[in-house]
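Notes follow once the structure below has been shown.
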Amino acid sequence: MVASSHQSLDKAEASPKAIRSLSWSELYQAAVHLLGQYVGAVISCRYAIPSHLQGEDADAQLRLTFETALARTVLDHPLLQCGVIDEDSPKPSFIELDAVDFANHVDWVTLNASDDLHGALRSTLEAGVGRNYPDGATRPGWRMVVLRPSGRDGAAVLEAVFFYNHIAVDGMSGKIFHESLLNHLNSHDSPQQLQSFQDRVLRLVDTAARFPPAPETIVTYPVSLCFFAGALWKAFRPNFFAVREGLSAAWAPVRLQPYKTNLRVFTVESGPLSNILALCRGNKTTLTGLLHGIALLSFAKQLDPATAPGFAAGTAIDMRRATPKAPDGYPWYDPSRTVCNILSTIHHHFDKRLVSDFRRSLEAAPGTDDREGNTLRMDALAPLIWSAAQRTRREIEAALALGNRDNMLGLMKYASDWRAMMRAQEFKPRGASWAVSNIGVIDGDATPEGTDDDDDRRWSIEASTFTMSAEAAGAAVHISAISVRGGELSVELAWQDVVDGAVIKQLGDDLEKWLAYFGSIDLDAC
């Protein structure tokens, strides 16, 4: 591990220069971070190293090349350069910092020849995804661990694990970050050309000049009276009504401590993934919808009607598509290429009647425990999953068609104190049993414009993992997904210790089993 010390950079300026106040959604994320209810996320990518940087004698040059590209990436994205002051107040603000000391943000870990990279990645994710960011006033809210396998077979790759505070960085931003990093790694700029990065310290100048605006300052989020009234009732109704409705996740208790995120990760190879995506298209849904359908079937099978008569779930939605490019006053701003936080959520309700129908179909489905009988049973249950997947997709499409109207972001302006509101959530049942966040495909073979496509000197991304920290008062389990273009799909489950691990284990087993089933279907025979 590389280490250095620059103590002076840890000291806050006497009069920090404020950039802007936090946006509505950033205030929410700051509150749950402060209260210990949620921390952030991590996107890890496995980079294939060019041959000229693979040997042990090239290790110092490899680290310099990688960290210089990382420094350029940080310079591209002002929200990776700033601090946050007055987090425990009604009006926190982003502030400029003088520098980012990589000694405080980037750890290099060289694995032993006997170490398994997959195991090391899992341990790194589990150790880091739940760690908060207590030094927000003096350091940006991100960190990276670089896993470097040793030995001849491991010398060709490194794993860059990017952890980030959700205040400033959403899931799509993590993908944008890695694509920016890959772009700089392949730009062939000399590390010595970046004069602002010396001795692992990146000097910053005028972070505010190209700072992303708060979304609500460049676009409106109109809310209808009906949408507002429904949200108000849901937020402040007595718990009795939530229990009577039967959608809340009463089976998963709300307790802040112990706050520990448990993880499960599995992958689907590119061949089966292509099958799955083709089936999704044929069934007029998406991978996100399919994950919802499998989760609904799994929970309906495991939990009895008295414990869970119905279910609620959520889908994370990237609002960049509804955010203008180059708005007045910000001619340089392109949200589709900017690290920022423009995230919303769509809620899905699977009521008592629908879940009862699922349970009756589960009981009536044929099949036995042997392989042939299990396939027969899955054939019978697959239409149930597709029906739920189609329903979820229709709801997502309807919400997207509204653009910025009747969106959760529009309701956030009415929250005068997110800290008080989220403290109150600790005494209510969980609103959702699961949430799905699918950030799509990362381009692992991007080559910057104006550079030669020299395979011997090109970096590429071979695999990626997207993981979220557990929510102490939110969804009982997060299901996250990301894939690399032409490569494998990675699916991650994250849940807090207080949630029944046996239920989540079975959910993970069901997700793996059903994705393998759909991935093995002969499309020509369909």
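Listing for the model above:
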quantity	calculated
Qualifying position, being within 22 Å of V146 (Cβ to Cβ), touching a residue at least 60 places away in the same chain (Cβ under 8 Å), out of contact with any helix residue (DSSP H, G or I) (no Cβ under 7 Å at 6 or more places or on another chain) and not β-branched (V, I, T), among R72, R20, R63	R63
Which numbered condition V498 misses (of (1) outside any loop (DSSP other than H, G, I, E, B); (2) in contact (Cβ under 8 Å) with a residue 12 or more places away in the chain; (3) out of contact with any strand residue (DSSP E or B) (no Cβ under 9 Å at 6 or more places or on another chain))	(1)
Pairs with Cβ under 7 Å, 6+ apart, first in the stretch 515-526 and assigned to a helix (DSSP H, G or I), second at pLDDT 95 or above and hydrophobic (A, V, I, L, M, F, W, C)	L515/V268; L515/I276; F518/I276; F518/L279; G519/V268; G519/L273; G519/I276; L523/A278
Filtered residues of the stretch 165-220 (kept if closer than 16 Å to T73 by Cβ and among the small types (G, A, S))	A168, S173, G174, S180, S187, S196
Residue within the stretch 60-67 that is closer than 17 Å to Q195 by Cα and β-branched (V, I, T) present	yes
Filter result for S150 (surrounded by fewer than 17 Cβ atoms within 10 Å (Cβ to Cβ) and within 24 Å of G55 (Cα to Cα))	yes
Given (1) within 29 Å of the chain's Cα centre (by Cα); (2) surrounded by fewer than 13 Cβ atoms within 10 Å (Cβ to Cβ), number of the condition A229 does not satisfy	(1)
Search result, residues across the stretch 74-94 that are farther than 27 Å from W332 by Cα and in contact with a strand residue (DSSP E or B) (Cβ under 7 Å, 6 or more places away or on another chain)	D86
Lone qualifier among E159, E126 - being among the charged types (D, E, K, R), under 24 Å from G36 (Cα atoms) and within 21 Å of the chain's Cα centre (by Cα)	E126
Flag for E492 being in a loop (DSSP other than H, G, I, E, B), at negative phi, assigned by the TED database to the domain that holds K505 and crowded, with 18+ Cβ neighbours inside 10 Å	no
Among (1) in contact (Cβ under 8 Å) with a residue 24 or more places away in the chain; (2) assigned to a loop (DSSP other than H, G, I, E, B); (3) under 16 Å from A41 (Cα atoms) - the single one P134 does not satisfy	(1)
Of all residues making up the stretch 275-310, the number that are assigned to a helix (DSSP H, G or I) and loosely packed, with under 14 Cβ neighbours inside 10 Å	2
Top-ranked residue in the stretch 95-120 [being farther than 28 Å from G83 by Cα and in contact with a strand residue (DSSP E or B) (Cβ under 8 Å, 6 or more places away or on another chain); ranked as surrounded by the fewest Cβ atoms within 10 Å (Cβ to Cβ)]	T110
Total residues in the stretch 406-426, condition closer than 30 Å to I294 by Cα and not in a helix (DSSP H, G or I)	3
Qualifying residue in the stretch 80-89 (condition: assigned to a loop (DSSP other than H, G, I, E, B), buried (at least 20 other Cβ atoms within 10 Å of the Cβ), at pLDDT 95 or above and at negative phi)	yes
Residues being in a helix (DSSP H, G or I) and either touching a residue at least 40 places away in the same chain (Cβ under 8 Å) or not assigned by the TED database to the domain that holds A156 (or both) - total across the stretch 105-123	3
A398 being free of Cβ contacts under 8 Å to residues at least 40 places away in the same chain, over 30 Å from A516 (Cβ atoms), among the hydrophobic types (A, V, I, L, M, F, W, C) and not in a helix (DSSP H, G or I)	no
Verdict on A30 being hydrophobic (A, V, I, L, M, F, W, C), within 26 Å of the chain's Cα centre (by Cα) and within 30 Å of Q193 (Cβ to Cβ)	no
Filtered residues of the stretch 323-362 (kept if among the polar types (S, T, N, Q), under 30 Å from K234 (Cα atoms) and under 27 Å from the mean Cα position of the chain (by Cα))	T323, N341, S344, T345
Enumeration of residues in the stretch 44-62 that are part of a loop (DSSP other than H, G, I, E, B) and buried (at least 19 other Cβ atoms within 10 Å of the Cβ)	I49, P50
The stretch 427-444: number of residues that are more than 21 Å from the chain's Cα centre (by Cα) and either in a helix (DSSP H, G or I) or modelled with pLDDT of 90 or more (or both)	0
Test: residue in the stretch 186-193 that is modelled with pLDDT under 90, surrounded by 13 or more Cβ atoms within 10 Å (Cβ to Cβ) and on the phi < 0 side of the Ramachandran plot	yes
Index of the failed condition, G440 passing every other in (1) of a type outside the set (A, V, I, L, M, F, W, C); (2) surrounded by fewer than 17 Cβ atoms within 10 Å (Cβ to Cβ); (3) farther than 23 Å from S469 by Cβ	(3)
Residue in the stretch 362-395 that is modelled with the lowest pLDDT, counting only those that are outside any loop (DSSP other than H, G, I, E, B) and among the small types (G, A, S)	G373
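Yes/no matrix, rows are residues, columns are (1) without any contact (Cβ under 8 Å) to a residue 60 or more places away in the chain; (2) among the aliphatic types (A, V, I, L, M); (3) farther than 18 Å from N438 by Cα:
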{"site": "P253", "(1), (2), (3)": "no, no, yes"}
{"site": "K260", "(1), (2), (3)": "no, no, yes"}
{"site": "R264", "(1), (2), (3)": "no, no, no"}
{"site": "L297", "(1), (2), (3)": "no, yes, yes"}
{"site": "A300", "(1), (2), (3)": "no, yes, yes"}
{"site": "D304", "(1), (2), (3)": "yes, no, yes"}
{"site": "F311", "(1), (2), (3)": "no, no, yes"}
{"site": "A326", "(1), (2), (3)": "yes, yes, yes"}
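The values are calculated or read from the model by the stated rules, or taken from the named source; none is laboratory data. What you are looking at is a predicted structure, and each value in this text was computed from that prediction instead of being measured. Cβ atoms come from the backbone with ideal geometry, glycine included; neighbour counts cover every protein chain shown.
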